[in-house]
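Beneath this line is the structure, given in structure tokens, with notes to follow.
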Amino acid sequence: MINRRRLVDTFMTLAGIDSVSRRERGVVDHLAVRLGDLGLEYTEDGAGNVINGTAGNIVARLPGTVPGPTLLFCTHMDTVEPGNGVKPRVEGHAIRSGGDTILGADDKAGMAAVLEAVTVLKEQGLPHPKLELVFTVSEEIGLLGIKEIDFGRLESVMGFVLDSDGTPGKVITRAPSQDRIVATVVGRAAHAGINPEDGVNAIQAAARAIADLPLGRIDEETTANIGVIRGGQATNIIPERVHLEGETRSLDNNKRRSLTEHICRMMTERVEAAGAQIKIEVEQIYSSFALEPDTRPVRMALKAAANVGLVAAIEQTGGGSDANVLNEHGIPTVNISTGMRKVHSTEEYLLIEDLVNTTRHVLEIIRLAGLNKE
Ligand SMILES: [Zn+2]
């Protein structure tokens, strides 16, 4: 049913188009042509203007040929860096980048699978319920695109995000919430050799602030990190400012909240004890979700995986995705594997077999929904 060569070509074409976050215009323009060729109605929203990017989210609609629940398939169009000038190449059974960039299978493998599935539906006149295809921008920098989607216009009763690594058949049903913590430690500048007694060293205060924080894995569902530290100008100046950025995550919203509070309190105490001041801003980037195994999208994704011979497995993740926001807006959504591996690195690769299996998985989910049983 699936045209393997066309599927690989679609992926290679998408991978070759630059689309780092906020710069997705090239992929949107290509997608517009593909959706047009398929005769699909689609809209581009105004997310690009809101988030200062070159393109908005695309929502395409495929009217159903049979009754059944409206299904949403969501993938993201942006990539992390280094993501410009990707030269995808087939090497044996795998597709890799030239080695100096990521491949961008995250998430173009998902995009290619969805496009091939819809092409197969059209080409072969297969029965299917109504489908909504959502292609988002700026997922990688805090799920910015999906947050701008006009949810009032979506009809789907369940969703499938194709944005998880590993072997197809894996179904993510739980994902954490995340807080972003941005802090500025403010001391007092002075000449380091002439009047150091007038200074308060912000670097030393910041060091004290983070030295004893609970970081890394806190428990099986909770993590914390300080990922950015910037400050100081010269060895002869007592540094006045240090910028810190960190995050907390947990599958349990209460744990995340109290961990964030604990970290903020500790940093404040330590910094003030060092005679400096601290300004801290906390922003919740997204909410957690947890779907029970008997929820419709979970059952359908597992059943479909098993039907096409994949190892169906429920898993949880430590990462956020568009699924977090879809669930938050009342569309129960799982995140399924696309086969992408070693994502966010120049060693990222994708097995062609996995790309084919992801497409088969999608087609089977659609077929099951058309039978209206799962
Ligand atoms: Zn992704």
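Please treat every number below as a calculation from the coordinates, not as lab data. These figures come from a predicted structure and were not determined experimentally. Ideal geometry is used to build each Cβ from the backbone, glycine not excepted, and the neighbour counts take in all protein chains shown.
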Original post:
Mind checking which of Ala47, Ala32, Ala117 has the largest fluctuation in a GNM of the chain, springs on alpha carbons under 10 Å?
Top reply: Ala32
Original post:
In which sequence would Met12, Met267, Met77 go, from the one with the fewest C-beta neighbours within 10 Å to the one with the most?
Top reply: Met12, Met267, Met77
Original post:
So who's got an amide H within less than 5 Å of the one on Ala190, skipping anything under 5 residues away but keeping other chains? H placed 1.01 Å off N, in plane.
Top reply: Ile238
Original post:
Once label points are set 7 Å from the Cα along Cα→Cβ at both Arg257 and Lys303, what is their separation, rounded to one decimal in nm?
Top reply: 3.7
Original post:
Around Leu351, which amide H atoms from residues at least 5 apart in sequence, or from another chain, sit under 5 Å from its own amide H, with H modelled in the peptide plane?
Top reply: Ile95
**OP:** For a footprinting-style exposure proxy, rank Glu364, Glu197 by other Cβ within 10 Å, fewest first.
**Re:** Glu197, Glu364
Subject >> the stretch 1-121 shape via C-alpha gyration tensor axes, a/c threshold 1.5 >> reply: oblate
Original post:
Hey, in the GNM for the chain with a 10 angstrom Cα cutoff, which one of Val271, Val228, Val343 fluctuates hardest?
Top reply: Val228
**OP:** Could you please report the charge total around Asn324, scoring K, R as +1 and D, E as -1 over all other residues with beta-carbon less than 12 angstrom from its beta-carbon?
**Re:** -1
Subject >> Pairs of alpha carbons in the stretch 177-286 whose separation is greater than 19 Å (percent) >> reply: 45
Original post:
What aspartates and glutamates sit close enough to Lys130 to cross-link, taking a C-alpha to C-alpha distance under 17 Å and skipping anything fewer than 8 places away on the same chain?
Top reply: Glu41, Glu116, Glu155, Glu364, Glu374
**OP:** Mind pulling the angle between the C-alpha long axis of helix 352-371 and the longest principal axis of the chain? Nearest 10 degrees, somewhere in 0 to 90.
**Re:** 60
Original post:
Excluding same-chain residues fewer than 8 positions from Lys279, which aspartates and glutamates have a Cα within less than 17 Å of its Cα?
Top reply: Asp179, Glu240, Glu245, Glu247, Glu261, Glu269
Subject >> Relative contact order (percent, whole number), the chain, Cα cutoff 8 Å, 6+ residue spacing >> reply: 24
**OP:** Provide Ile365, Ile229, Ile149 in ascending order of the number of other Cβ atoms located within 10 Å of each residue's Cβ, fewest first.
**Re:** Ile229, Ile149, Ile365
**OP:** Using a 10 Å cut-off on Cβ atoms, rank the peptides 108-115, 189-196 from the highest mean neighbour count down.
**Re:** 108-115, 189-196
